[in-house]
Amino acid sequence: MLESKQNTKILLVGPNIDIITFMAKIDSRQKWTLAIFFTAMALRLIYFWQIKSNYPGWDTPTIDPLFHDLWAKQIAGGNILGSGPFFRAPFYAYFLGLIYTLFDSSIIAAKIIQHIIGATSCSLIFSFADKYFGRRVAIISSLVSAFSWVFVYFEDELLLDSLLVPISLILVWLLIRASEKPDFRKFLISGLVLGLAAITRPNYLALLPIILIWMLSIFPRDYRRLFSLFLAVSAGCAIMILPVTLRNIIIGHDTVLIASQGGINFYIGNNPYANGSSALVPEFGPTWQYADCEYLAKAESDRLGREMKPSEVSSFYFTRGLRFILHNPAASLRLMIKKFVLFWNSYEISNNQNLYFFRSFAPVTALLPPMMFAVSPLSILGLWFLFKMGPKYKIILYFVFAYMLTVILFFVNSRFRLPVLPFLIILAALAVVRLADYIKNRQKKPLAFAAIALLPLFALTNIDIYRVSHDNYAMSHFSLGNVYLKKRLTDMALKEYDTATKMAPCVPSAHLNRGIIYFGRMDFPNARKEFEMELETCGNSAQAHNNLSVLDRLGKNSLGALKHSSLALEQSPQYLEAYVNQILALRMTGADDSAYAVADYLTRLFPDYLPAWYFKGKILGDNGRDDLAEPEYKTIIARDPVNIIEKYDLSTIYSAQTDYGYKPDKMPGLAFYELGLIAVRQGKIDSALELFLKSSKILPDYPDAWTNLALACDHNRMYGDALAAFRKSLELDPDNPLTYYNLGLTLGKTGMIREAAELRSDSGFLYNPHRPVFRKIVYKYPGLKTPL
């Protein structure tokens, strides 16, 4: 009994002894590392929970996060290699795709994993700083990082930038370690990490020559060794990049090293209208799409109607940006100075979302203050202290300035400078420790010099010289309105759009989207009013004119429809939906020849735009030329679908998610439907049945396809299938008397006379045994009423 009690006692205290033993075995550095991680993680989980609870759009990504979300879902769905060359660097999409594969496309899992990586980065900052700058610098810098709301914010977004924080830390740490005991393997591993960073954001490739310069200071006269070790770095980098390049060549049929977006981004940051921080293409404004940029490149290169590879589009815009720099050196220099100042300014310049607006949804941000007001000036002072340290430390200085140059060559915002923020925090902590030592040791002279240096640095980094900071949240409310619109909470969307328009004289697309909501409610007068307000408040708007064309067409005003579609095309000659409305307006006037000419023009200039082929076939078929119409529909079916996600076609992505937008994946369904009607006219009912079946699979919400499928089944005496198809059609369109009538006929053939009689009575049709079985259903073109 005594032994049993003794054993029980040991079992009860055993776990406590294990914890105590574990804590006793780890040293103070490890304790600090764990404490930093759990502190950072706790803050991040609180932030995540509060945003999830309070912000309606936490699960509704937009702009770049939406692009990454859809791309990752494609990868998780099995489309691993994709089609064309990468427009954006692929690593983050594949990282997110792996998470989606493991966790059933869970945004919650993705964001929590990113927060775990972020908390780990804070521990990395501690360990790195502790090893090379001392315990005090490590504690200050890691705590600042743990409480940095900029880190926390971006970790909660489906963006690549938070991944670059630990990658950058590991890269610099590996390089310093490799310089301490140089060998080929260590520099090769450093190169692998550099390559990983490059396929996450390609501007990291600019670090290769910088690393070479740094290595010259490490191995000043040992050129053979220098060459061998730099070759190791280059080889490691190439190993990571080569699969991406080969994939672009083999799968994408284009020689793109990593991604093709560089030229457009370079032009965004270097043109006569660039402000250094906004991601807008001057010819198309803030809502530009890749298709717009491609059209302009083709038009000015005399390549309209012909293929232009993404690498060629990129080169076109690189040339444009370089031309601006060379022909306008003074303006270019002023712009570069502005971007330099913005890079070091304490204000967090937003790109996709206003960072400051999000603080209102997470009370914990009261504990996570904006710290760049102190970090930025102190880090510049810390760079001076770093400069006086050994040559191996200069890789930090080189990294910060080289990365900064790659950013200001394009345009500046908060997330683009995120990868250097860990080093800026460490350098700021170094400055604080050195200043504390000066005070402690009463070193008045260096303290005075440091204080004198800090005064202009604080002014440079905290005075809003270019007035980029503001408290106007108009665009934030507009974005929130878009979230509600996607969630079909239209009353709340209207309220947010109204708030936005009261905050700023022009909020692009705010009145447009209000009009779309009224359009969906069939309130056409208010829809027209909003579209006209879009033109009045923001000037030219091709989308507003296009939507007014739709309203005029629905109101049987063919001349008004033609006028507005023509105005839309004057402003945006690449606006494809405006061509569709022009075709439909021309057909209203009976000008089928002119409508056909517009459709034919579309197929020649925009061969990937499937509705152009559809309307060519439609016009030919309606004019009795089935023999010519049939090849047009077959072209739609045979053409490989354009991957709107890989092409960064955000407009079509948004449009495809609404009731009114163009959905390219649905076009083959329409082609099969029209081919089915042609088969009926040719008396090939078996072929028609197969074609209508294919159409209904692609367009399960298209009642006409189900009705004609039912008629084909009825003709082949497949009455059970016919009844099921009729009922599916009536679920979708319960007010179609023709469907009721034909259903009644089929019921009569199966002996269900009473049910058939009731349906015939309800349909408003008189029974006629000689009435033809097939009726050409009035076509309703889905998805092109109006774009979002």
Checklist entry - One-quarter of the Cα convex hull surface for region 368-516, in nm²? => result 12.5
Item to check | Residue-level accessible surface for residue 55, protein heavy atoms, 1.4 Å, Å² | outcome: 10
Item to check | Principal-axis tilt of helix 207-218 within the chain, Cα atoms, nearest 10 degrees | outcome: 10
Next on the checklist: Can you give me the convex hull volume of the Cα atoms of region 142-206, divided per residue and expressed in Å³?
Outcome noted: 94
Checklist outcome for this item: Fraction of alpha-carbon pairs in region 200-319 farther than 23 Å apart, rounded to whole percent, equals 48
Checklist entry - Hey, any idea what % of the chain's accessible area is carbon plus sulfur with a 1.4 Å probe? => result 62
Checklist entry - Lys/Arg Cβ at +1, Asp/Glu Cβ at -1, dipole of region 342-437 taken about the Cα centre: which of 424, 436, 398 is farthest positive-ward? => result 398
Item to check | Stokes-Einstein D for region 172-253, Kirkwood Rh over Cα pairs, 4 °C, 1.567 mPa s (µm²/s) | outcome: 99
Checklist entry - In terms of the Cα gyration tensor, with a ≥ b ≥ c the square roots of its eigenvalues, is region 112-270 rounded because a/c is under 1.5, prolate because a/b exceeds b/c, or oblate? => result oblate
Checklist entry - Ranked by accessible surface with a 1.4 Å probe, highest first, in what order do 32, 288, 71 come? => result 32, 288, 71
Checklist entry - aspartates and glutamates near residue 388 by alpha-carbon distance under 19 Å, same-chain residues fewer than 8 away left out - which ones? => result 130, 180, 437
Next on the checklist: Rg and Dmax in Å for region 232-378, alpha carbons only: what are they?
Outcome noted: 19.5, 57
Checklist entry - Considering lysine pairs in region 439-530 that are 8 or more places apart or on different chains, how many have Cα atoms under 23 Å apart? => result 6
Checklist outcome for this item: For region 424-440, in residue order, the Karplus 3J(HN,Hα) values (coefficients 6.51, -1.76, 1.60; θ = phi - 60°; whole Hz; Gly and Pro = x) are 5, 5, 4, 5, 5, 5, 4, 5, 4, 5, 5, 5, 5, 5, 4, 5, 4
Next on the checklist: Quick check of the Kirkwood formula: for region 694-758, what is the inverse mean of 1/r over all pairs of different Cα atoms, in Å?
Outcome noted: 11.5
Item to check | Nitroxide proxy distance, nm - points 7 Å out along Cα→Cβ at residue 444 and residue 697 | outcome: 9.0
Checklist entry - Treating the beta-carbon of each Lys and Arg as +1 and of each Asp and Glu as -1, no other charges, what is the dipole magnitude of the chain about its Cα centre, to the nearest 20 debye? => result 3100
Next on the checklist: Probe radius 1.4 Å, ligands and nucleic acids left out: which of 312, 674 has the largest accessible area, and how do the rest follow?
Outcome noted: 312, 674
Item to check | Relative contact order computed over the chain (Cα-Cα under 8 Å; 6+ residues apart), in percent | outcome: 10
Item to check | Fraction in percent of alpha-carbon pairs per bin - 20 Å, the chain | outcome: 13, 40, 29, 14, 4, 0
Checklist entry - So what does residue 532 come to for accessible area, using a 1.4 Å probe and Å² rounded to 10? => result 90
Checklist entry - Taking the Cα atoms only, what angle lies between the long axis of helix 223-250 and the longest principal axis of the chain, rounded to 10 degrees? => result 10
Checklist entry - So which cysteines of the chain have no other cysteine's Cβ under 4.7 Å from theirs? => result 122, 237, 293, 713
Checklist entry - region 335-388: which trypsin sites (Lys or Arg not before Pro) are DSSP loop and have at most 16 other beta-carbon atoms within 10 angstrom? => result 388
Next on the checklist: What lysines does residue 666 reach when the alpha-carbon gap must be under 18 Å and sequence neighbours fewer than 8 apart in one chain are set aside?
Outcome noted: 616, 618, 634, 694, 697, 780, 785
Next on the checklist: For a quick check of your reading of the filter: which trypsin sites (Lys or Arg not before Pro) in region 545-637 sit in a DSSP loop and have no more than 13 other Cβ atoms within 10 Å?
Outcome noted: 556, 625
Item to check | trypsin sites (Lys or Arg not before Pro) restricted to DSSP loop in region 273-317 with at most 13 other C-beta within 10 Å | outcome: 306
Checklist outcome for this item: Computed over the chain: longest principal axis from alpha-carbon atoms vs helix 28-54 long axis, angle to nearest 10 degrees, is 30
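The values are calculated or read from the model by the stated rules, or taken from the named source; none is laboratory data. On a predicted model such as this, the values are computed, not experimentally measured, just so you know. Using ideal geometry, Cβ is built from the backbone for each residue, glycine included, and neighbour counts are taken over all protein chains shown. Ligands, DNA and RNA are stripped out before the accessible areas are found, and what is left, the full protein with its side chains, is counted by its heavy atoms. Shrake-Rupley method; radii C 1.70, N 1.55, O 1.52, S 1.80 Å.
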